[in-house]
Amino acid sequence: MSTRTPLIAGNWKLHNTVAESRALAGAIAAHVRDGSGCDVVLGPVATSLTAVKQALDGSAVGLSAQNTHWEDSGAWTGELSPALLLDAGCGYCFIGHSERRQFFGETDAGVRKKVAALLAHEIVPILCVGESLEQREAGQTLDVVLGQVEAATEGLDAGALAPLVVAYEPIWAIGTGRTAKAEDAQDVHGAIRGHLSELKGKSWADSVRLLYGGSVKPNNADELLSQPDVDGALVGGASLSADNFIPIIDAGVRRAES
Ligand code: 13P
């Protein structure tokens, strides 16, 4: 179907002790076959990054942080940096999640600086974008989402952006059990790819992996992942148990095989 490797990422948000994180990562890693054709990434809380890295040792599963600052070091109390994430073994980092934009004052300008800093350290940014319910109902979905994508990639060319992943997560679908219809997700993903193509060139835009996030569950993953521009999923609640997350990984493997 597509030459893009599917990617299934688990966002554990503010959940799991070190021991719980280690056990969950081990259970998931035991299921993931090297060469399955689907990439799998886990995003634990920062205090569990090192333990999860150890639990994933020798497996094909990647490690993601949930946020970063843009500077490497300095007087930035409470922050983590791309250099330290690399030191902890992260290959990925979520950026601009709606919870950070809503509750922690994250701005488009800050998101852009973080994306650039991660790319400079060869950490793959998983850039999160998405509209609120009010914005959707006002017909502003594409304005909002394409605006966020444009702001986060401003001044960076296709070469610099090469590994970027974009996750479309409608805010009204996060943690609500209300998923976007597969065709609606496809419409937004198609528009994101089209906009990236206009901004940065078609060949890179065609290679960018676009994930859908927002109440992805075992029973809706196949339908979402059967859409041409839905290259994977960013999973919250269902990534907190191996029993729920593994069937979603299997849906990613089926997409790779289709
Ligand atoms: P849920 O899967 O719990 O809706 O969360 C989605 C999300 O925010 C992933 O980043």
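The values are calculated or read from the model by the stated rules, or taken from the named source; none is laboratory data. Note that the coordinates shown come from a computational prediction; the quantities given were computed from them, not determined experimentally. Don't worry about glycine lacking a Cβ; one is built from the backbone with ideal geometry, like all the others, and counts go over all protein chains shown. Keep in mind that these areas ignore ligands, DNA and RNA; they rest on the heavy atoms of the full protein, side chains included. Shrake-Rupley method; radii C 1.70, N 1.55, O 1.52, S 1.80 Å.
Points to keep in mind about this one:
- Some residue of the stretch 202-210 being within 10 Å of the ligand (Cβ to nearest atom), within 24 Å of Arg100 (Cβ to Cβ), of a type in the set (A, V, I, L, M, F, W, C) and assigned to a strand (DSSP E or B): no
- Gly236, sole failed condition from (1) within 14 Å of the chain's Cα centre (by Cα); (2) closer than 20 Å to Val115 by Cβ; (3) open to solvent by less than 30 Å² (accessible area, probe 1.4 Å): (2)
- Meets criteria (farther than 16 Å from Gly252 by Cα and either open to solvent by 50 Å² or more (accessible area, probe 1.4 Å) or in contact with a strand residue (DSSP E or B) (Cβ under 6 Å, 6 or more places away or on another chain) (or both)) for Glu183: yes
- Some residue of the stretch 141-149 being closer than 15 Å to Asp108 by Cβ and out of contact with any Asp or Glu (no Cβ under 9 Å at 6 or more places or on another chain): yes
- Filtered residues of the stretch 70-89 (kept if open to solvent by less than 30 Å² (accessible area, probe 1.4 Å) and either within 16 Å of the ligand (Cβ to nearest atom) or among the small types (Gly, Ala, Ser) (or both)): Ser81, Ala88, Gly89
- Pairs linking a residue in the stretch 77-104 that is charged (D, E, K, R) to a residue that is away from the ligand (no atom under 16 Å from the Cβ), with Cβ atoms under 7 Å and 6 or more positions apart or on different chains, are Glu79/His69.
Yes/no per residue for (1) more than 16 Å from the ligand (Cβ to nearest atom); (2) at pLDDT below 95:
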{"residue": "Thr17", "(1), (2)": "yes, no"}
{"residue": "Ile28", "(1), (2)": "no, no"}
{"residue": "Arg33", "(1), (2)": "yes, yes"}
{"residue": "Val41", "(1), (2)": "no, no"}
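- Residue ID - surrounded by the most Cβ atoms within 10 Å (Cβ to Cβ), chosen from residues in the stretch 101-123 that are within 15 Å of the ligand (Cβ to nearest atom) and farther than 20 Å from Asp72 by Cα: Arg101
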